[in-house]
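Report on the structure given below.
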Amino acid sequence: AKAMGRNKYCAFSKELTLRAARQLSLENELRNALANQEFELYFQPQVHINSSEICGMETLIRWQHPSKGLQYPDQFIDTLEETGLIVPVGEWILKESCRLVSSWLKAGLPPIKVAVNISARQFTDPGFLRSVEKTLAATGLPTEYLELEITESMVMGNIDESFELLQKLRELGVTLSIDDFGTGYSSLSYLKSLPVDILKVDRSFVMDIPNSQSDMEITAAIIAMAHKLQLKVVAEGIENPEQHDFLNQNNCDYGQGYLFAKPLTQKELIEVLNKQRLE
Ligand code: C2E
Ligand code: CA
Ligand code: CA
Ligand code: CA
């Protein structure tokens, strides 16, 4: 009924009615997906740019749909966000990431950090800080192994409140990074006071290197500026050696992309961790 109401102006359009019905069934399927354990975590390794050694990984969610097969976030994240389902699902992602990494550390695998994407709804949920604290305590993951990825727009919505939250998360010992840096519309002036540790340069800046002179200049400038502000830089979406070389020459700290590894299943990640060096 909610989906029908939202689309009332198009009540006579067959196609839109169909779309609304599809959206509603997606919502219902997602409601059950968590309980039915249909979500799976993949991990994409991150490397030190200058050595290609693994230093961390990013958790990326997948949905193993009972009939449609493996679904990627662009097919369901927006719906999770719109329905608020991202709060319990996000909590599960955080808990499961910490639990797995903690168990790998205990099993003696090379220690690396895990970066978890946090959605806007999760970040502004009043229980978020508490849930991070509880998760760290319950899984026994040392806090320095957890990184949280947030976006500029999440912070800019309510600067005072989010600064305070970021401050408290940092006091826990958690690392904070700004995801998709450069794609938001916020001003640079807030950056100097933002309590974060890492900037993630968005893939859209990396993808046309070395062909786009302006993207190379922007990327080099972001790295230089970040370093002046004592921030580390991760470049995402590195697909070829030219991009890797450029980023290395410009002192980018960390990298992530298909050149090093695609998002991996747990089993694949463990194999890679035992090898350590990618490329
Ligand atoms: P993101 O956080 O910017 O994640 C990076 C995306 O780029 C991932 O897509 C990853 O598979 C892809 N990628 C990595 N390296 C390369 C590369 O070299 N080339 C290309 N073409 N792509 C690359 P994915 O997994 O489909 O995730 C898409 C977005 O969905 C993420 O963007 C993030 O915003 C969201 N997302 C994924 N997992 C989670 C999650 O657990 N929680 C939340 N809240 N959002 C998530
Ligand atoms: Ca991310
Ligand atoms: Ca990103
Ligand atoms: Ca991105």
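Would you mind listing the helices (runs of 4 or more DSSP H) fully within the range 202-279 where at least 2 residues are under 24 Å from Glu40 (Cα atoms) and out of contact with any Pro (no Cβ under 8 Å at 6 or more places or on another chain)?
Because the criterion is at least 2 residues that are under 24 Å from Glu40 (Cα atoms) and out of contact with any Pro (no Cβ under 8 Å at 6 or more places or on another chain), the helices (runs of 4 or more DSSP H) in the range 202-279 that meet it are 266-275.
Give me the pairs: first residue in the range 32-48 and assigned to a strand (DSSP E or B), second residue of a type in the set (Ser, Thr, Tyr) and more than 12 Å from ligand 1 (Cβ to nearest atom), beta-carbon distance under 6 Å, and six or more apart or on different chains, which are they?
Sorted first by the residue in the range 32-48, then by its partner, the pairs are Gln46/Tyr254.
Name the residue, out of Ile218, Ile223, Ile198, that is within 24 Å of Asn117 (Cβ to Cβ) and touching a Leu at 6+ places or on another chain (Cβ under 7 Å).
When all the criteria are applied, what remains is Ile198.
Out of the residues in the range 213-239 that are open to solvent by 50 Å² or more (accessible area, probe 1.4 Å) and over 29 Å from Glu144 (Cα atoms), which is nearest to ligand 1 (Cβ to nearest atom)?
Among them, the one singled out is Ile218.
Inspect all residues belonging to the range 21-41 and state whether any of them is of a type in the set (D, E, K, R), over 29 Å from Pro111 (Cα atoms) and surrounded by fewer than 17 Cβ atoms within 10 Å (Cβ to Cβ).
Within the range 21-41, one or more residues are of a type in the set (D, E, K, R), over 29 Å from Pro111 (Cα atoms) and surrounded by fewer than 17 Cβ atoms within 10 Å (Cβ to Cβ).
Would you call Lys262 basic (Lys, Arg), at pLDDT 95 or above and open to solvent by 70 Å² or more (accessible area, probe 1.4 Å)?
yes
Output the residue which, of all residues in the range 193-212 that are more than 16 Å from ligand 2 (Cβ to nearest atom) and either free of Cβ contacts under 8 Å to residues at least 24 places away in the same chain or of a type in the set (A, V, I, L, M) (or both), is surrounded by the most Cβ atoms within 10 Å (Cβ to Cβ).
The selected residue is Ile209.
When residues of the range 64-76 are filtered for being part of a helix (DSSP H, G or I) and surrounded by 19 or more Cβ atoms within 10 Å (Cβ to Cβ), how many remain?
Count: 0.
Among Glu217, Glu239, Glu268, which is the only one that is within 16 Å of ligand 3 (Cβ to nearest atom) and modelled with pLDDT of 95 or more?
Matching residue, one of Glu217, Glu239, Glu268: Glu239.
Using the structure shown, decide if Tyr190 is away from ligand 2 (no atom under 16 Å from the Cβ), in a loop (DSSP other than H, G, I, E, B), modelled with pLDDT under 95 and aromatic (Phe, Trp, Tyr).
No.
Tell me the residue from Pro195, Pro210 that is more than 16 Å from ligand 3 (Cβ to nearest atom) and in contact with a Lys or Arg (Cβ under 9 Å, 6 or more places away or on another chain), please.
Only one candidate qualifies: Pro195.
Can you say whether Asp215 is in contact with a Phe, Trp or Tyr (Cβ under 6 Å, 6 or more places away or on another chain), without any contact (Cβ under 8 Å) to a residue 60 or more places away in the chain and over 29 Å from Arg62 (Cβ atoms), as far as the supplied structure shows?
Judged against the criteria, Asp215 is a match.
The values are calculated or read from the model by the stated rules, or taken from the named source; none is laboratory data. These figures come from a predicted structure and were not determined experimentally. Positions of Cβ are generated from backbone atoms using ideal geometry, with glycine treated the same way; all protein chains shown enter the neighbour counts. In case anyone asks, the SASA skips ligands and DNA or RNA and just uses the protein heavy atoms, side chains included. Shrake-Rupley method; radii C 1.70, N 1.55, O 1.52, S 1.80 Å.
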